[in-house]
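Trainee: Okay, handing you the structure first.
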Amino acid sequence: MNKILLLEDDLLFADTIVDLLEDNGFEVMHSPNGQSALDKTFLQKFDLYLLDINVPLIDGITVLKELRDSNDNTPAIFLTSHKDKEMLKKSFTSGADDFLTKPFDIDELLLRIKALLKRAKSDNAPCVGLLCNDDIHKRILYNKQELDLSKKEYDLLALLMKHTNNTVPKELILDELWSSGDGGSDGALRVYINRIKQLVPQINIENVRGIGYKLVS
């Protein structure tokens, strides 16, 4: 049985989510504040984190950043009422795998949870369709053939693969691929996106206007 940690200070909403997840076969532990959530992660292992952002004591983004800094790579989804792009960027930068804005569809939450748990189980051989990322040797294969990628092209495609079917903000991509003053720009990013599309025309990388890019499986 998969074990989920829910960080949520709205107790009524938390009860609803807990009931839903338990009805679908998950074991759920609830924390009403960030410090309580961190304490629970030190005591036991979870398969997934569901984290609100604005919670007492320690906010959800700081909680996840501390977990990632301690090499805890447990899949994490933010559940939040924030809708602005800056908060989306902060959530991914802190190590989130997904992001759902309240109010959200319950069925969509279940689908995203199951997709993340399935992906986590196959982390030793992370593939998206015929695309496979050999992280040890820093290469990506398509249909078992290695792609001729530069380092930035590899880093970009690997980042999009990590967040398959989710929009990765342009700001996050630029931060990940270019250090400050190292030539990162929207134009440079488009060049790398187009180069990857030319190399592998079979894959679908969408431009989500005004936000970023998404690899669609």
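Trainee: Within the range 1-39, which residues are part of a strand (DSSP E or B) and either crowded, with 18+ Cβ neighbours inside 10 Å or out of contact with any strand residue (DSSP E or B) (no Cβ under 9 Å at 6 or more places or on another chain) (or both)?
Mentor: 4, 5, 6, 7, 28, 30, 31
Trainee: Right, here's the next one. Just give me the residues in the range 111-125 being over 15 Å from residue 1 (Cβ atoms), basic (Lys, Arg) and modelled with pLDDT of 85 or more, in sequence order.
Mentor: If the condition is that a residue be over 15 Å from residue 1 (Cβ atoms), basic (Lys, Arg) and modelled with pLDDT of 85 or more, then 112 is the only one that fits.
Trainee: Follow-up. Residue 116: open to solvent by 10 Å² or more (accessible area, probe 1.4 Å), within 14 Å of the chain's Cα centre (by Cα) and under 16 Å from residue 163 (Cβ atoms), yes or no?
Mentor: For residue 116, the condition - open to solvent by 10 Å² or more (accessible area, probe 1.4 Å), within 14 Å of the chain's Cα centre (by Cα) and under 16 Å from residue 163 (Cβ atoms) - is not met.
Residue-wise test of (1) among the aliphatic types (A, V, I, L, M); (2) in a strand (DSSP E or B).
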position: 49; (1), (2): no, yes
position: 55; (1), (2): yes, no
position: 71; (1), (2): no, no
position: 79; (1), (2): yes, yes
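Trainee: Look through 23, 19, 52 and report the one residue that is touching a helix residue (DSSP H, G or I) at 6+ places or on another chain (Cβ under 7 Å) and closer than 21 Å to residue 109 by Cα.
Mentor: When all the criteria are applied, what remains is 52.
The values are calculated or read from the model by the stated rules, or taken from the named source; none is laboratory data. Computed from a predicted model, the values in this text were never measured in an experiment. Virtual Cβ from ideal backbone geometry, glycine too; neighbours counted across all protein chains shown. Remember, those area values only see protein heavy atoms, side chains included, never the ligands or the DNA or RNA. Shrake-Rupley method; radii C 1.70, N 1.55, O 1.52, S 1.80 Å.
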